[in-house]
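Trainee: This structure is in structure tokens; I'll ask about it shortly.
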Amino acid sequence: MKSLLKTEGLSKNFGGLPAVSNVDLSVKLGDIHCVIGPNGAGKSTFFNLISGELKPSAGNVYFKGVNITGISPHKLPKLGISRCFQITNVFPKLTIFQNIWSAVFAKSNNGIFSFLGNFKDYPELENHTHKIIEDVGLSHKTYAKAEELSHGQQRMLEVAITLAASPELILLDEPTQGLAPEATKEMTKLIKGLSGKYTILLIEHKMHLVMEISDLISVLSFGKIIDEGTPEKIKNSSIVQDAYLGRR
Amino acid sequence: MKKYYTYIALLIFLILGPFLFSHATISEIIVYSIVAVATNIMLGYTGLLSFGQAMFFGTGAYISGLILKAGLPIFIAIPVSTISTFILASIVGYFCVKRTGLYFICLSFAFNQMLYFIAYVWVDVTGGEDGLVAVPRPEFLTNSLSLYIFITLIFLICLFALRRVVSSPLGLVFQLIRENPSRASSIGYNVKFFKMISFVIASTFTGLAGSLYVMIHSMAPIDQIHWLKSGDIIFMTLFGGVGHFLGPILGVIGYIYLSDTLSIIWARWPLLMGLLFALVVLYFRGGIAELIENLIKKYKIFKKGLDDEKSS
């Protein structure tokens, strides 16, 4: 199958310390591709390199064959890449509706003058927003402020904002971080529901979740990919077990 | 409903104003109301604190004053000074938004100081330390009441325009940036660009207000471009309340009324203003507007309690 996102020799050094070194990764269209690895393996740095938050020291990132290395983060949604953050990252004093509408509007907007229109001028955006809110099960809270939501609900909102831009590729950074078991189950269900519709690149710590939802797993350790394969293969890989247990 | 009340209250104030204050004071209040409401777009909606707003107020005042002194009509003076401030704000804004937080504040402050010293040193044009004096008023505005009415009409136009900004998607984007700039960027908004737009909008309206100010006392004193004036502008806006569109106007009324009365009683009145500022920041973060809102809320709860008692 065709690869949607590809990195070639992607590296990042912080001072003399290589956080990510020479990573070649290819995310196939329609896959849920998971990047795992022990703490400090460079997973978040790797994500920040793809999403443009950090500029790589070397290497390239290609999306649909186009070189997007070091692109400004605000240009990604227009290309079709949407990012979801590790820490809850919403707009606390704004309503759920405004949170999601903004992301929908950012993707749709045509020209600077649309910014001075009326909210009523965009009924199709409004409908789309309501549909997304319904999809993540927050419709009873549509006009509540984001800060009034529970932690689990805020994570759901976070995913909803990410989906609002109708992306082709979603970057999910530890979606179940800090969630209670109940909420984790709900989130797992939500991500599973996304498979097939979207291509997802995911960082996750919780092993049972990774094994359950991934099509392909890449294991990162000390900034390098040490193994790659199906959940079945990774489960039995001795290299991976060594890395996790600190036997190198 | 609530919205209408505040606008009706504003209208009543505009009509009663000339009877409550001297014509010069009420004109000053209206001019600074334009400044405060515009500054709130940047401060309250976008979350940008600039200590350089006086440079735009002063630029508007000086340029408009110079044009009037050259004998040209007011309908050239106001647009030209507003457009000049717009150009200045675009240049200054472009550099300021390159940095965030403290550095942004310092940059705006530095530009303010530069403009101040230009006004200070360039005596032939700006009058240096004495400020720009003997600015003639156009004939139809020589009466102080007609000047007040003229300023108020422009104020209402500004209010309408700024209201349009905050109730459009642009206003929502400003709030996104205030709430969470990195997230705003990740959903696809160019944060620096929109910060600059916000800065330019606030500053341009401030310049427009400056161009009106010069006519009130027929002069542009140099302290109108000094950074202390920038502090006053921030204080007035915060004092009134950044959480509401019209809130800052209350701050302007309060500030100008207090400074007028206190300065007669005690020469060291800025000390009291300092104390007031400390109190507002410590205990009334939402300013006067939030204070009133809370009182109304308490009153409603109180009234509801009475009603419940009656019915039971």
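We did not get these values from a lab; they are worked out from the coordinates using the rules stated. The structure presented is a predicted model; accordingly, all values stated were derived computationally and were not measured. When we count neighbours, we look across all protein chains shown, and the Cβ atoms used for this are built from the backbone with ideal geometry, even at glycine.
Trainee: I need the phi-derived Karplus couplings for region B:40-50: 6.51 cos²θ - 1.76 cosθ + 1.60, θ = phi - 60°, integer Hz, Gly and Pro marked x.
Mentor: Coupling constants for region B:40-50: 5, 4, 7, 7, x, 7, 9, x, 9, 9, 10 Hz.
Trainee: Taking 0.36 nm per residue of separation and subtracting the Cα-Cα distance, what length does fully extending A:Asn60 through A:Met211 add?
Mentor: 51.5 nm
Trainee: Sketch the reach of a paramagnetic label on B:Leu72 as a point 7 Å from Cα along Cα-to-Cβ, and name the residues of region B:82-116 whose backbone nitrogen lies under 13 Å away.
Mentor: Of the residues in region B:82-116, B:82-85 have backbone N under 13 Å from the label point off B:Leu72.
Trainee: Right, here's the next one. At what distance in nm do the modelled label points of A:Asp242 and B:Val125 sit from each other, each positioned 7 Å from its Cα along Cα→Cβ?
Mentor: Going from the A:Asp242 label point to the B:Val125 one covers 7.4 nm.
Trainee: Once you keep just the Cα pairs under 8 angstrom separated by 6 or more residues, what percentage relative contact order results for chain A?
Mentor: So the answer I get is 28 percent.
Trainee: Could you tell me which of the pairs A:Lys43/A:Lys64; A:Lys141/B:Lys303; A:Lys43/B:Lys98; B:Lys98/B:Lys195 are separated by over 18 angstrom between their Cα atoms in the structure shown?
Mentor: Working: A:Lys43/A:Lys64 22 Å; A:Lys141/B:Lys303 29 Å; A:Lys43/B:Lys98 29 Å; B:Lys98/B:Lys195 10 Å.
Table pairs above 18 Å Cα-Cα are A:Lys43/A:Lys64; A:Lys141/B:Lys303; A:Lys43/B:Lys98.
Trainee: Then there's this: Kindly state, to the nearest 0.05, the FRET efficiency for B:Leu11 paired with B:Ile83, given R0 = 35 Å and r defined as their beta-carbon distance.
Mentor: Using R0 = 35 Å, I get an efficiency of 0.70.
Trainee: With a 10 Å Cβ neighbour count serving as the proxy for reagent exposure, in which order, fewest first, do B:Met55, B:Met215 appear?
Mentor: B:Met215, B:Met55
Trainee: Can you give me the long-range amide H partners of A:Leu4? Hydrogens built in the peptide plane at 1.01 Å from N, cutoff under 5 Å, separation of 5 or more residues or another chain.
Mentor: For A:Leu4, the qualifying residues are A:Val27, A:Lys28, A:Leu29.
Trainee: Label-point separation (nm) for B:Ser146 and B:Ala267, each offset 7 Å from Cα along Cα-to-Cβ?
Mentor: That separation, rounded to one decimal, is 4.0 nm.
Trainee: Can you compute 3J(HN,Hα) from phi for each residue in region A:16-33, using the Karplus curve 6.51 cos²θ - 1.76 cosθ + 1.60 with θ = phi - 60°, rounded to whole Hz and x for Gly and Pro?
Mentor: Along region A:16-33, the couplings run x, 8, x, 7, 9, 10, 6, 8, 9, 9, 9, 9, 7, 4, x, 7, 9, 10 Hz.
Trainee: Could you give the distance between the Cα centres of region B:84-149 and region B:218-286, to the whole Å?
Mentor: Centre-to-centre distance over Cα atoms comes out at 19 Å.
Trainee: Which whole-number percent gives the relative contact order of region B:22-226, counting Cα pairs below 8 Å spaced six or more residues apart?
Mentor: Here the relative contact order equals 48 percent.
Trainee: Anything over 30 Å Cα to Cα? Flag those among A:Lys131/B:Lys297; A:Lys12/A:Lys233; A:Lys145/B:Lys297, in the order listed. It would help to have the intermediate numbers written out before the result.
Mentor: Working: A:Lys131/B:Lys297 35 Å; A:Lys12/A:Lys233 28 Å; A:Lys145/B:Lys297 19 Å.
Over 30 Å Cα-Cα: A:Lys131/B:Lys297.
Trainee: Then there's this: As a footprinting exposure proxy, order A:Thr188, B:Thr142 by other Cβ within 10 Å, with the fewest listed first.
Mentor: Arranged by neighbour count, lowest to highest, A:Thr188, B:Thr142 become B:Thr142, A:Thr188.
Trainee: Could I have the simple spin-label model distance between B:Ile292 and B:Phe193, label points 7 Å from Cα toward Cβ, reported in nm to one decimal?
Mentor: 3.8 nm
Trainee: Once phi is turned into ³J(HN,Hα) by the Karplus curve 6.51 cos²θ - 1.76 cosθ + 1.60 with θ = phi - 60°, what whole-Hz value does each residue of region B:138-151 show in order, with x for glycine and proline?
Mentor: Whole-Hz 3J(HN,Hα) from phi for region B:138-151: x, 4, 6, 10, 5, 6, 5, 6, 5, 5, 4, 5, 4, 4.
Trainee: Looking at chain B as a GNM with Cα springs under 10 Å, which of B:Gly254, B:Gly44, B:Gly101 has the largest mean-square fluctuation?
Mentor: For chain B, modelled as a Gaussian network with Cα springs under 10 Å, the answer is B:Gly101.
Trainee: Select from B:Ile264, B:Ile216, B:Ile288 the residue whose mean-square fluctuation is largest in a Gaussian network model of chain B (Cα-Cα springs shorter than 10 Å).
Mentor: Comparing B:Ile264, B:Ile216, B:Ile288 in a Gaussian network model of chain B, the most mobile one is B:Ile264.
Trainee: Quick one: check the C-alpha center-to-center distance for region A:53-98 versus region A:218-248, whole angstrom.
Mentor: Here the answer is 27 Å between Cα centres.
Trainee: Determine, from the Cβ-Cβ distance of A:Asp24 and A:Phe119 and an R0 of 51 Å, the FRET efficiency 1/(1 + (r/R0)^6), rounded to the nearest 0.05.
Mentor: Efficiency for this residue pair is about 0.65.
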